Amino acid sequence: MGLIIFVILLSITSTASADIFLRDDIITRPDVNNFSMCHAQGCKKVEQLSLSDEEWQKIARHFHSAADSAQQEREQIADAIAEFEQIIGIKTGTSQDKAGLFASMGSPGQLDCIDESTNTSSYLLILKKQGLLKWHEPMDHVTRGFFIFGWPHSSAAMRGKNTSSNTEYAVDSWFEDNGKRPHIVLLSKWRSGWEPEKP
């Protein structure tokens with residue numbers, strides 16, 4: 001039964017509107033002073049949070065120098081998402097979240113890919129609202145798999161702008177421990193089953 005619910009949740013998240021979330025308890029237009037954070041696997045717990053000026057400055061400092069290229073901005077985004085996770089991990093007791101899911105399933109503070117993709121999507125929207133994204137814009141979060149083509153997995157996503165190609169990227173936080181930089185990879189590559197190389 002738990003597996004069925006997991007698949008249903010993935011289906012819901014993959015078909016969300018441009019505002020990203022369908023549930024009433026998840027803030028669809030997040031900002032620094034009012035945003036949601038999912039945890040407990042499958043967004044079983046949703047906390048409404050805000051950032052102090054000091055906390056926000058720790059995140060915004062990664063954009064102190066305007067990016068000269070889309071590649072440079074992706075590096076800034078990865079650093080900012082990691083900073084979000086470090087700050088919010090302390091607030092929500094999720095600092096011990098481990099990469100992946102199965103080895104730590106059920107552990108306190110553990111997030112699954114639904115939690116991760118929802119949270120990272122919120123963080124990207126906050127960065128956009130604060131005017132920090134010059135080269136990219138958030139997209140609906142994405143899902144691959146559905147068992148027929150592999151194990152289901154979700155990720156936040158964004159697309160390039162101000163370029164001729166408008167290249168799309170997955171921004172995947174699930175493969176790393178809390179507070180580590182997410183992987184930003186071409187969405188087409190991610191959809192094909194991409195995973196980071198094991199050390």
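Amide H contacts of VAL185: ALA170, ASP172, each under 5 Å away and 5 or more positions distant or on a separate chain (H built 1.01 Å from N in the peptide plane; Pro and chain starts excluded). Residues LEU49, LEU124, arranged from fewest to most other Cβ atoms within 10 angstrom of their Cβ, appear as LEU49, LEU124.
Measure out, as a whole number of angstrom, how far apart the alpha-carbon centroids of region 109-149 and region 183-199 sit. For region 109-149 versus region 183-199, the Cα centre distance is 15 Å. In order along region 60-69, the phi-based Karplus estimate (6.51 cos²θ - 1.76 cosθ + 1.60, θ = phi - 60°) of 3J(HN,Hα) comes to 5, 4, 5, 10, 4, 9, 4, 5, 8, 8 Hz; Gly and Pro are listed as x. Beyond a 21 Å Cα-Cα separation, which of these cross-linked pairs lie in this structure: LYS91/LYS134; LYS58/LYS129; LYS44/LYS91; LYS45/LYS98; LYS134/LYS189? From the list (LYS91/LYS134; LYS58/LYS129; LYS44/LYS91; LYS45/LYS98; LYS134/LYS189), the Cα-Cα distance tops 21 Å for LYS91/LYS134; LYS134/LYS189.
For ARG23, ARG144, the sequence from fewest to most other C-beta atoms within 10 Å is ARG23, ARG144.
Cβ-to-Cβ counts within 10 Å put LEU127, LEU132 in ascending order as LEU132, LEU127, the fewest first.
We did not get these values from a lab; they are worked out from the coordinates using the rules stated. These numbers come from a predicted model, not from an experiment. Positions of Cβ are generated from backbone atoms using ideal geometry, with glycine treated the same way; all protein chains shown enter the neighbour counts.
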